[in-house]
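What follows is a short report on a single structure.
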Amino acid sequence: ASLWATALQRLPASTTLILNADGTLVAYLGESVSNPVLYYGLEDVRWGRSRLQHSADSRRCPRCMSDFQYSLSFYAHLGHYACVSCGWRRPTPRLSAWHVEVAGLDGSTIKLQTPWGPQTLEVPLPGIFNAYNAIAAAATSYSLGVGPDVVKEAVGSVTGIGGMMSAVVVRIDAP
């Protein structure tokens with residue numbers, strides 16, 4: 001995170017940063033820059049757990065190093081968090097996924113509230129992590145002026161890499 005912060009300091013002040021509000025260290029990067037920041041995040045509470053997952057790698061506040069309290073944990077350390085010691089908390093996202101339907105291996109449908117109006121994305125890859133990737137791509141695209149139809153088409157045509165997230169049918173013939 002400190003290397004990212006150093007790199008961000010070198011960007012022109014007019015560069016808009018697209019940061020995941022649900023990721024503690026990534027969201028905190030927005031605290032140290034004067035750049036415009038567009039935060040995105042997941043608001044669909046149906047996907048959240050009340051406890052942080054064991055795989056979380058960012059459990060402490062980067063400002064004061066106290067433990068975060070999570071009201072929702074979506075994936076690893078991604079979620080809704082706050083530090084009870086210093087008060088730093090998850091920034092409010094300007095682009096938020098308020099409804100995510102995951103249809104197994106068939107992908108997901110994401111309803112977004114954006115500064116450019118409500119949008120719906122059909123993501124052909126499964127899982128909440130791929131939904132996050134699509135939300136990040138949409139936030140970046142919209143901030144660059146890419147129209148919603150182009151974003152929908154691009155997100156809808158994404159495929160897995162090297163067979164990842166593919167269904168494989170294995171047939172075993174008995175002798």
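The values are calculated or read from the model by the stated rules, or taken from the named source; none is laboratory data. These numbers come from a predicted model, not from an experiment. Cβ placement follows ideal geometry from the backbone for every residue including glycine, while neighbour counts extend to all protein chains displayed. SASA here: full protein model, heavy atoms, side chains in, ligands and nucleic acids out. Shrake-Rupley method; radii C 1.70, N 1.55, O 1.52, S 1.80 Å.
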Carbon plus sulfur fraction of accessible area for region 73-175, probe 1.4 Å, in percent: 59 percent
Structure-based [θ]222 nm, the chain - -39500 (n - 2.57) summed over DSSP H runs of at least 4, per residue, nearest 500: -6500 deg cm²/dmol
Nonlocal amide H pairs with Leu42, under 5 Å, H built at 1.01 Å: Asp22, Ala97
Option label - semi-axes √(5λ) of the Cα gyration tensor in Å computed here, alternatives (i) 30, 22, 15; (ii) 28, 20, 17; (iii) 25, 23, 18: (i)
Neighbour cut-off at most 10 other Cβ (10 Å), DSSP loop, chymotrypsin sites (Phe, Trp or Tyr not before Pro), region 40-128: none
Region 54-104: radius of gyration over Cα atoms, expressed as a fraction of 2.2 N^0.38 Å: 1.30
Exposure rule at most 14 other beta-carbon atoms within 10 Å, DSSP loop trypsin sites (Lys or Arg not before Pro): the chain longest free segment: 64-170
Accessible area in square angstrom per residue, region 1-143, 1.4 angstrom probe: 50 Å²
DSSP beta bridges in region 15-144 [antiparallel fraction, %, rounded to 5]: 75 percent
Computed over region 84-175, the ratio Rg/Rh where both radii use C-alpha atoms and Rh is Kirkwood: 1.15
